[in-house]
Amino acid sequence: MQNFDFVKPASVAEAVAALGTSGAQALSGGQTLIGSMKQNLAAPAVLVSLTGIAALKGVSVSGGVMSIGAATPHAEVAKASGFPGLSSLAGGIGDPAVRARGTIGGSLANNDPAACYPSAVLACGATVVTNRREIAADDYFQGMFTTALEDGEIITAVRFPIPERAAYAKFEQPASRFSLTGVFVAKYGAKVRVAVTGASNDGVFRWTDGEDALQASYDPAAVKGLKVSPDGLIADLHGTPAYRANLVAVMTARAVAAS
Amino acid sequence: MKVSLTVNGKPMSGEVEGRTLLSTFLRETLSLTGTHIGCDTSQCGACTVHVDGAQVKSCTVFALDVQGSSVTTIEGMANTDGSLGRIQQAFQDHHGLQCGFCTPGMVMASAALLAVNPTPTEAEVRHHLEGNICRCTGYHNIVKAVMAASDAIPAE
Ligand SMILES: Cc1cc2nc3c(=O)[nH]c(=O)nc-3n(C[C@H](O)[C@H](O)[C@H](O)COP(=O)(O)OP(=O)(O)OC[C@H]3O[C@@H](n4cnc5c(N)ncnc54)[C@H](O)[C@@H]3O)c2cc1C
Ligand code: FES
Ligand code: FES
């Protein structure tokens, strides 16, 4: 691994200033970035740790909204009360060591096509808050490993409107425990949103046919037999596009049943 | 740069670079070689230690990022008289190891579980050990050992 200068600021303002220097990159839990650095896929000149910034940590609930600081580890979201569907998603990420370090901000900034959190953010129409602006979930995800974040912009928090009913159902890739296909279903009154991760070459997406069916009848049987096109879905040694297409409806039904 | 930690209850410090991993600092600077490096890619859990009570893979944490923390390694798991600690003894009694390479990580992961859940079910033990890979035992005896150690730890 190439060497770098390590800085650990105590405030968002100092972190943003440090990220303005040439070759600087943010470090949150490191559960993705350190691995990339070992492979020289990332070689920052300055690493700016966000884990010492108290303002970026913690979970709070107020007025039907759960706010999560960007540097809050998965383990803490798993223990939070107020939004069981999200806590259960967080408690199923990786393993206990990954959950102790890995954070929601790092996961969303990275936007791995098989990551769990993006499905919850998109299904809930959550707001990604940065040091510069607020980004609606529908505008935030821009394809595999691509987001609306600009250079030097950091996520500070994520705000989820808490659904009436919600659940995440993940078909795990058993070695990595990432999603082979994962579905988050969120119901707000008559409105239902369904977001799918792990399946598409374009990253997380909304399954609108599934949403329409569930809005007509919020029941696992409502999506039974609905076909998903395999076009653009991921082909790898773990599953074909057709296999993943089938899983979209199966995991949606399971999420509805669990919600 | 200088990093200072409390390791197994004792203050320790040493010079590191930005890129020095916690595992490297423990093994090469402090000569605490009980923490094993199996994969160096966050997959196997052999390098598991506790940082301020939380189970982490020390190959995937920079030493400088845990400046000032309290770290516990497998060397800190023995009783003060040097005999095997409760979980270690259960691994020996129940043949929870063969080559022993994964064992430090297994013991540290199990200790983290038992600290928050002194009476886990077998399913909870298996779920908790998902990030720790063993190439020898087939896991059954590891799970038996953890269950045995859990009985032995009085509920708080
Ligand atoms: C064995 C293993 C299993 C895993 N299983 C799963 C799984 O099942 N599901 C899942 O979803 N994930 C899984 N992960 C990934 C894990 O959730 C990571 O924690 C996450 O992808 C990255 O978060 P981090 O805090 O570690 O970020 P880091 O690795 O520190 O950073 C990742 C990227 O985000 C940038 N970044 C970090 N924070 C911010 C911020 N606040 N603002 C802007 N940019 C930022 C960094 O510069 C870097 O480019 C797994 C990882 C491992 C090692
Ligand atoms: S050596 Fe750290 S997880 Fe394998
Ligand atoms: S005892 Fe050999 S790897 Fe587990």
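The values are calculated or read from the model by the stated rules, or taken from the named source; none is laboratory data. What you are looking at is a predicted structure, and each value in this text was computed from that prediction instead of being measured. Counting neighbours? That spans all protein chains shown, and the Cβs are built from the backbone with ideal geometry, glycine included. Note: areas computed on protein heavy atoms with side chains; ligands, DNA, RNA excluded. Shrake-Rupley method; radii C 1.70, N 1.55, O 1.52, S 1.80 Å.
The residues of the stretch A:165-258 have, on average, 44 Å² of accessible surface per residue, using a 1.4 Å probe with all protein chains present. When peptides A:76-83, A:60-67 are ranked by their average number of other Cβ atoms within 10 Å per residue, the highest-first order is A:76-83, A:60-67. Per-residue packing, averaged as other Cβ atoms within 10 Å, sorts the ranges A:9-21, A:104-116 into the order A:104-116, A:9-21, beginning with the highest. Can you pull the percent of the stretch A:55-161's accessible area that's carbon plus sulfur, 1.4 Å probe, other chains left in place? Percent of accessible area from carbon and sulfur atoms in the stretch A:55-161: 49. Largest first, the extents of the alpha carbon coordinates of the protein assembly as shown on the three principal axes equal 68, 51, 42 Å. Among residues other than B:GLN98 with Cβ under 15 Å from its Cβ, the summed charge is +1 (Lys and Arg +1, Asp and Glu -1).
Could you do me a favour and compute the accessible area per residue for the stretch A:5-49, 1.4 Å probe, result in Å²? If you can, show how the numbers build up before the last one.
Values: 1950 Å² over 45 residues.
Accessible area per residue, the stretch A:5-49: 43 Å².
Once you've got the Cα coordinates, tell me which of A:LYS170/B:LYS144; A:LYS57/B:LYS2; A:LYS38/B:LYS10; A:LYS8/B:LYS10; A:LYS79/A:LYS170; A:LYS57/B:LYS10 are over 21 Å apart. Violating the 21 Å Cα-Cα cut-off are A:LYS170/B:LYS144; A:LYS57/B:LYS2; A:LYS38/B:LYS10; A:LYS8/B:LYS10; A:LYS57/B:LYS10.
Annotation for the stretch A:26-68 versus the stretch B:1-56: alpha-carbon center distance of 20 Å.
Taking the Cα centre of the stretch B:1-129 as the origin, how large is its charge dipole in debye, to the nearest 20, when only Lys and Arg (+1) and Asp and Glu (-1) carry charge on their Cβ atoms?
Result for the stretch B:1-129 is approximately 60 debye, rounded to the nearest 20.
Between the stretch A:119-165 and the stretch B:94-156, the C-alpha centres lie 38 angstrom from each other.
Buried accessible surface for the B/A pair, both sides summed and rounded to the nearest 100, is 2000 Å² with a 1.4 Å probe.
Would you mind giving the mean number of other chain beta-carbons within 10 Å of the Cβ of each residue in A:88-94, as a whole number?
Mean shielding count: 1.
Taken as Cα centroids, the stretch A:174-200 and the stretch A:202-259 sit 8 Å apart, rounded to the nearest whole angstrom. Annotation: the antiparallel percentage among DSSP beta bridges lying fully within chain A is about 85. Rolling a 1.4 angstrom probe over chain B with all protein chains present gives an accessible area of which 51% lies on carbon and sulfur atoms.
Counting only other chains, what is the mean number of Cβ atoms within 10 angstrom of the Cβ of each residue in peptide A:29-35?
If you average over the peptide's residues, the count of other-chain Cβ atoms is 5.
By the rule of a C-alpha distance below 18 Å, with chain neighbours fewer than 8 residues away ignored, the aspartates and glutamates paired with A:LYS224 are A:ASP209, A:GLU211, A:ASP212.
Its Cα centre serving as origin, the stretch B:88-155 has a Cβ charge dipole (Lys and Arg +1, Asp and Glu -1) of approximately 160 debye. For the residues of B:51-60, the average number of beta carbons from a partner chain within 10 Å of their own beta carbon is 5. For B:VAL16, the solvent-accessible surface with a 1.4 Å probe is about 10 Å², rounded to the nearest 10. Here the translational diffusion coefficient of the stretch A:165-258 follows from Stokes-Einstein with Rh set to the Kirkwood radius across Cα pairs; for 10 °C and 1.306 mPa s it amounts to 122 µm²/s.
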